[in-house]
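What follows is calculated from the coordinates using simple rules that are stated; it is not laboratory data. These figures come from a predicted structure and were not determined experimentally. So basically every Cβ, Gly included, is an ideal-geometry build from the backbone, and we count neighbours across all protein chains shown.
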Amino acid sequence: MKEFFFDLETTGVKYWKNGIHQIAGAIVIDGTLTEEFNFKVRPNPNATIEEEALSIAGVTKQQIMQYPPMEDVYNSLIALLGKYIDKYDKYDKFFLIGYNNSSFDNQFLRAFFTQNGDNYFGSWFWSSQIDVMVLAAFELMSERAKMENFKLMTVAKQIGLSIDETKLHDASYDIQLTIQIYNAIQEKKLSKVKP
């Protein structure tokens, strides 16, 4: 099984208008962490950059405009994917895994491919992505009413993870928390199944 954990930081919340400035994650093959990545990205030149979004991530417009161009990062990302996937084999794909990725990150990542002239996103990834927020919602159903919100930090704390709040909203840290939540849920499920 090939898993592609990822998190993005963006210049706003609209994938058709805003752009990506960070792509971070990890590749897990058959349960083994194989490789981690953290790409800083100069957003698409046509992207709208919203100061509020940058302030949440703790970066400035001047900083992100110094990052490598999106075309270079796209090429690096494709090279990374190509190490593990044969894009011409329809049975060889990654599961996309993230936190709230089904309603946010996946659209931005797909748009990133399209902006780089690549309409073959589905050659790399199964369409049935895994959203850790949804898994956590099922796991924490009985506790949900007592929780302030269902943000990544809140969920991580609820399942007992320690958090460094100064690192939140950096994609490389957020994906570490996502992986820890995912693993905790999987371990809990496995322990319920054992006799």
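The modelled label-to-label distance between Lys14 and Trp126, using points 7 Å beyond Cα along the C-beta direction, is 3.4 nm. Using just its DSSP H runs of length 4 or more, each adding -39500 (n - 2.57), the chain gives a mean residue ellipticity at 222 nm of -11000 deg cm²/dmol after division by all residues. Starting from the Cα of Met1, step 7 Å toward the Cβ, then list every residue of segment 64-95 with an amide N under 12 Å from that point. Output list for this probe position: 95.
What is the gain in length, in nm to one decimal, between Phe138 and Thr32 on full extension, counting 0.36 nm per residue of separation less the C-alpha to C-alpha distance? Answer, rounded to one decimal: 35.7 nm. Distances between placed amide hydrogens fall under 5 Å for His169 paired with Asp174, all partners being 5 or more residues away or on another chain. In this label model, Leu161 and Ile56 are separated by 1.8 nm, measuring between points 7 Å along each Cα→Cβ vector. Distance distribution P(r), segment 11-89, all Cα-Cα pairs, bin width 10 angstrom from 0: 17, 42, 28, 13, 0 percent.
Distance from the Cα centroid of segment 72-101 to that of segment 23-54 is 13 Å (rounded to whole angstrom). For the chain, a crude dipole built from +1 on the beta carbon of Lys and Arg and -1 on the beta carbon of Asp and Glu, taken about the Cα centre, is about 440 debye to the nearest 20. With the simple spin-label model, which puts each label point 7 Å out from Cα in the Cβ direction, the Asp86 to Asn46 separation comes to 3.6 nm. Among the chymotrypsin sites (Phe, Trp or Tyr not before Pro) found in segment 1-91, those both in a DSSP coil and sparsely packed, with 16 or fewer other Cβ atoms within 10 Å of their Cβ, are Trp16, Tyr84, Tyr88, Tyr91.
Of the beta bridges in the chain, as assigned by DSSP with both residues counted there, near 70 percent are antiparallel.
The value obtained for segment 2-193, namely the Cα convex hull volume divided by the number of residues, is 124 Å³ per residue.
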